[in-house]
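The values are calculated or read from the model by the stated rules, or taken from the named source; none is laboratory data. For clarity, every value in this text was computed on a predicted model and none was experimentally measured. Glycine also receives a Cβ, built like all others from the backbone with ideal geometry; neighbour counts cover every protein chain displayed. What goes into the accessible areas is simple: the full protein's heavy atoms, side chains included, and nothing from ligands, DNA or RNA. Shrake-Rupley method; radii C 1.70, N 1.55, O 1.52, S 1.80 Å.
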Amino acid sequence: MGPDATAAGSPDADAPPARPAKRVRADAQRSTDALLTAAAEVFATSGVDAPVRQITAKAGVGAGTLYRHFPQRADLIAAVFRHEVDACADAAPSLMAEYGPVDALARWLQRFAGFIATKRGLSSALHSGDPAFDSLPGYFQQRFVPVLSALLDAAASAGHIRSDLDLDSEDLLRAVANLALPAAEDDNDPAQQMVTLLVDGLRYGARTSAPS
């Protein structure tokens, strides 16, 4: 065997990647998560034009870290939107595991309404025509439509909501979003009450009554 083959079979050549590289990747992910969480909170209270230093101070990182991950403000806004969409969509399986079908449906729709209400500050930016936001409406549908369809199917199969309605998940999402848009973000939010009435309407005339 030649020297190249010997080198390839040496212990150093077969060694796994060095751990420091993994730590760097983990640190980078933590920084990204901290920035997205901080930006979402700042945008909700101060708007999408809030100073960068307000976001970085809340995230506990420097401005250089923010610009390394998100060179333009539009990149950060789009990433925050996707992050919040994912969090809302990913809540559905846990709700389905913890609650009965119609209760899970109601709780998720309430969460979705809250998501829409807290994104009012992003609406002007998302409709600004910036190419960075072009894919967001499709992402919204891609993540939410299957989630709501699964919740509706589970509740209908259990006989807890009416099965004689030709429910379109996209239409229902749009209806709840329209209820939530003018809502105030407080415990007496009228949108939350309207979503409750909507779910009650789905339950009316169902085959069985959901357990209370």
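Please give, to one decimal in nm, the separation of the simple spin-label points placed at Tyr139 and Ser124, each 7 Å out from Cα toward the Cβ.
The answer from the label model is 2.2 nm.
What accessible surface, in Å², does a 1.4 Å probe find on Ile77, ignoring ligands, DNA and RNA and rounding to the nearest 10?
10 Å²
What is the range 81-166's relative contact order, in percent, from Cα pairs under 8 angstrom and six or more apart in sequence?
44 percent
For Asp168 and Lys58, compute 0.36 nm times the residue count separating them, minus their Cα-Cα distance, and round to one decimal in nm.
Numbers: separation 110, 0.36 × 110 = 39.60 nm, distance 4.03 nm.
Contour length minus the Cα-Cα distance gives 35.6 nm.
With 21 Å as the cut-off, how large is the P(r) tail for the range 88-168, expressed as percent of Cα-Cα pairs? Write out the running numbers ahead of the final one.
On the way: 1226 of 3240 pairs.
So the pairs more than 21 Å apart make up 38 percent of the total in the range 88-168.
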